[in-house]
Amino acid sequence: MISTLETQAKRPPFSPEKLTEVQGVIKQFPEGKQKSAILRVLHIAEEEFGGWLSPETMDYVAELLDIQSIEVYEVATFYTMFNLKPTGKFVFEVCRTGPCMLVGSDEIIDYIKSKLGISAVGETSADGMFTLKTAECLGACGYGPMLQCGKVYHEHLTPAKVDELMDHYRAKYSSSINQN
Amino acid sequence: MIKVTIDDIEIEVAEGTTIMNAARMIGGDIVPPAMCYYSSLPGTGGKCRTCLVEIAAGSTKDPRPMPKLMVSCSTTVQDGMIVKNRTSEKVIENRAAVVEFLLINHPLDCPVCDQAGECDLQDLGFSHGKEGSRYEEEKRTFEPIDIGENIKLHMNRCILCYRCVHVANELTDQRVHGALHRGDHTEISTYIEKAVDNEFSGNMIDVCPVGALTDKSSRFKSRIWFLNPMNASCECKKCSGKAVVWMFGKQVYRVSVRQDKYGEVEVEDGKPNWICNECRFDKKDVSNWNIEGPRHIDRHSVISQGHYEKPNPLKNATKNIE
Amino acid sequence: MGRKLLLEHIDVSGIETYDVYRNHGGYKSVEKALKTMSAQEVVEEVQKSALRGRGGAGFPTGMKWSFLAKPEGVPRYLVCNADESEPGTFKDRFLMEKLPHLMVEGMITSSYALGANTAYIYIRGEYMFVLDILEKAIAEAYAKGWLGKNILGSGYDLDLHVAPGGGAYICGEETALLESLEGKRGNPRMKPPFPAVKGLYGCPTVVNNVESICAVVPIINIGADEYLKIGTEKSSGTKLISACGNIARPGVYEIELGLSVEDFIYGDEWCRGIANGKKLKALIPGGSSVPILPAHLITSTAAGERRYMSYESLSDGGFASGSMLGSGGFIVFDEDQCIVRNTWNFARFYAHESCGQCSPCREGTSWMEKVLHRLETGKGNMRDIDLLAEINKKIEGNTICPLGDAAAWPVAAAIRHFREEFEWHVTHPNDAITRNYGMLKTPSITL
């Protein structure tokens, strides 16, 4: 599958530009406290290296921050935003907590599942394009149901809006492929 | 020095002493049980909540009772503090609840567990637990894994005391195992298969209060109560060489650190007598050791009942009958 | 029309940019503080304003500041808690997204008061788009001389950074937040020592909520005396309320504390009543952790008095018949909603968010979740209801941090006020599997 091939292609180390960015983050903390940069560096690493944190990526981050690998594993597995397995091109994280549930998040989750032809949350569509995840309260309670894709919040979801979103991201992916 | 009263017994202790340590100075049954706290390992304590006690009076200055139960391992005494441990119904009840919490996901596989007979959780369940369980749900399970060639990890039995993480922090600057994930999915692991191979890694077996970490070189060889614990020493360049060898006849089945009555490693001149992996895993010949004599074990455990260091009164009784 | 202190200029186009913000009185509190007040005077002004922490616990902000230890030669830190994740709460995101310079201004004035030369905004990782907005504002503030060395020629230096989390509700607890900011797992620390003595990197640290820090700006601008005139005697000032659930107009509202609950729910300026003409069934007034109130205890108290949006009125009656203002996450339930399902949903949330450090919370939260799931899906029995009450009593108060209490309270309150609904799920197992107690007429999805 394309996704696997691409995932393999994106591996450490960071490009010189990204490395400068990472060093800037490390400098925000006092000397010797470089471990403080870990969460932000993991976010950057995940974005750079195929959307997930492979053991290789985590070991690389450990090296950059001059800490033991286990310290990175401990942190990466604690925080739920990090993907520890490869995902589809786009990850839909639907908020499932109370206030969103009151306005129909369960129905939206079911709808996305059927659209993607998957049977459970956490699975990826057969074309490798979308992974469905659920998230706990994303702080958009007044604008639910909602989902997060990358940095973007999509709020007031309806089945029609979910259809539009999927078209939007598919088109986005096609144009990024054509550019390369 | 400040005065503190625990279960109606008064004692003077140095400022900064924890309730737990003040109770240990008094000794006996008033000492709260500890599953995660371990004196020689800085940073341990506060997690298991079995040592919760009631503070009936905060201090002479402020004699108000504290509204919540406090963890005795991490709460320091104040002058005039009145602590209730086994004399508090609230403590007994809440400690029983903690025992229940610790057991709901525990496999209760004592019949096949090497720790049985010297297990802190078994002892705690016996002394502070209630009969039966109200837990009807499925237990969380993990597959047993090897962490390094010498140690088996049964995560199902783990109570997440974090002692093994702290002992690694203490004895090496290259810890390779740790706590992963979170909530009730938290597990002790190396994440990807990695050998825990620093020279003192075996000590995590001894600090483990349950059968989560066991010594592969002695697994399933014998029930602990059939072994004779002997104080033994050897010339070792890496460690103190002071250990307990667990013998069956003339064979050494297992080697461990010398533990005090709270299950903690003995401290000599301020230094804990941790032992190295060579002493623990490789010196299994009685000729490796200078046997000093029987080890007295003073705990609420099955192994304490052997009294191997004394002549067995039952044996004599049987002789007389003959 | 209530007075607006934080959202006064929210409708001004371009208010998120430096120039517009500055033209609308932005950064005046910094000028006033640095040029005319000593650090101690700023602390005293905030103390006098009786501002209570807006994150949920309601601890007086000025008092928290006064506890900060000041040993010689040791740096002090101000850390803003922007890890907003209490279900029902989305006010801090709104503030930071729409008024990033208010956040920056509040950080500068507050850091000056505390003598901190480095400050961090710890923002939940999911708000990465807000982090970008804040960093843009911070860059502008540096460029205009509000941050960096010798601000306004006062000799005061301040560096301000934003650090993201990675997805963990527990990091909203201040010591877990500090652990996370140090690059570790978000395990709460044991207290004492409190952060005011030993916080970030072992140094004295104050951790304040976004809204609390933003509120410092108007307090310094208008003065504590003026601030005290707003609100009630025990709840001074204004509060942001994020209203959600089954209401006609969800959103973030700045209210003067002391507004009646009835006006807030039904008033045209605020929620405009229950959506789709349905009836009000229940309310969680201050984020998922606080006790749920049944219809008859929402607009009036058990004693029959009018209920107001204030710390004291919402908690009137204690947990037996009251609740808490909490974070201001105002969740409204209409007649079709199922309390058992919602309680299970919240229990799942807390089980998912427990850090796993201490046994009552780690084991107890997931136990409650499992029992509630059985009840909700028609597989429970009457014994389970009492068992739940029993488990939550054994979690409450016995954990390292307040997450245990936060998980226990909603379950206890739901059983207290809606027991018959739990029992109905036991006696009607086949109906329980369809969506809920209230919506029997239109069963929708299956679990």
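The values are calculated or read from the model by the stated rules, or taken from the named source; none is laboratory data. Every value quoted in this text rests on a predicted model; they were computed, and no experiment measured them. So basically every Cβ, Gly included, is an ideal-geometry build from the backbone, and we count neighbours across all protein chains shown.
Numbers at a glance
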{"item": "All positions within region A:69-92 that are surrounded by 18 or more Cβ atoms within 10 Å (Cβ to Cβ) and over 18 Å from C:Gly186 (Cα atoms)", "result": "A:Pro86, A:Thr87, A:Gly88, A:Lys89, A:Phe90, A:Val91, A:Phe92"}
{"item": "Tally of residues being out of contact with any Asp or Glu (no Cβ under 9 Å at 6 or more places or on another chain) and in a helix (DSSP H, G or I) across region B:166-193", "result": "5"}
{"item": "Residue identified as more than 13 Å from chain A (Cβ to nearest Cβ), under 20 Å from the mean Cα position of the chain (by Cα) and of a type outside the set (D, E, K, R) among C:Pro188, C:Pro204, C:Pro195", "result": "C:Pro195"}
{"item": "Number of the exception - A:Gln148 against (1) within 13 Å of chain C (Cβ to nearest Cβ); (2) in a helix (DSSP H, G or I)", "result": "(2)"}
{"item": "Considering residues of region C:365-409 that are at the interface with chain B (Cβ under 9 Å from one of its Cβ atoms) and aliphatic (A, V, I, L, M) only, the residue surrounded by the most Cβ atoms within 10 Å (Cβ to Cβ)", "result": "C:Ile395"}
{"item": "Single residue of region B:202-261 satisfying the filter (in a helix (DSSP H, G or I) and not aromatic (Phe, Trp, Tyr)) that is surrounded by the fewest Cβ atoms within 10 Å (Cβ to Cβ)", "result": "B:Ile224"}
{"item": "Test for B:Glu199: is it away from chain C (no Cβ under 14 Å), of a type in the set (Asp, Glu) and outside any loop (DSSP other than H, G, I, E, B)", "result": "no"}
{"item": "Residue match in region B:75-91 (condition: of a type in the set (D, E, K, R), more than 8 Å from every other protein chain (Cβ to nearest Cβ) and touching a helix residue (DSSP H, G or I) at 6+ places or on another chain (Cβ under 8 Å))", "result": "yes"}
{"item": "Test set (1) part of a loop (DSSP other than H, G, I, E, B); (2) without any contact (Cβ under 8 Å) to a residue 24 or more places away in the chain; (3) closer than 27 Å to C:Ala57 by Cβ - C:Glu179 fails condition number", "result": "(1)"}
{"item": "Of all residues making up region A:112-145, the number that are of a type in the set (Gly, Ala, Ser), surrounded by 14 or more Cβ atoms within 10 Å (Cβ to Cβ) and more than 13 Å from every other protein chain (Cβ to nearest Cβ)", "result": "2"}
{"item": "Matching residues, region A:21-53, being on the phi > 0 side of the Ramachandran plot and touching a residue at least 40 places away in the same chain (Cβ under 8 Å)", "result": "A:Gly50, A:Gly51"}
{"item": "Residue among C:Glu8, C:Glu16, C:Glu41 that alone is of a type in the set (Asp, Glu), modelled with pLDDT of 95 or more and not in a loop (DSSP other than H, G, I, E, B)", "result": "C:Glu41"}
{"item": "One residue from C:Ile138, C:Ile121 being free of Cβ contacts under 8 Å to residues at least 40 places away in the same chain and aliphatic (A, V, I, L, M)", "result": "C:Ile138"}
{"item": "Matching residues, region C:71-89, being within 12 Å of chain A (Cβ to nearest Cβ) and of a type in the set (Asp, Glu)", "result": "C:Asp83, C:Glu84, C:Glu86"}
{"item": "Residues satisfying the stated conditions in region C:357-394, i.e. free of Cβ contacts under 8 Å to residues at least 12 places away in the same chain and closer than 24 Å to B:His181 by Cα", "result": "C:Ser359, C:Arg362, C:Glu363, C:Lys370"}
{"item": "C:Asn23 farther than 30 Å from C:Pro193 by Cα and outside the structural domain of C:Met324 (by TED's automatic domain parsing)", "result": "yes"}
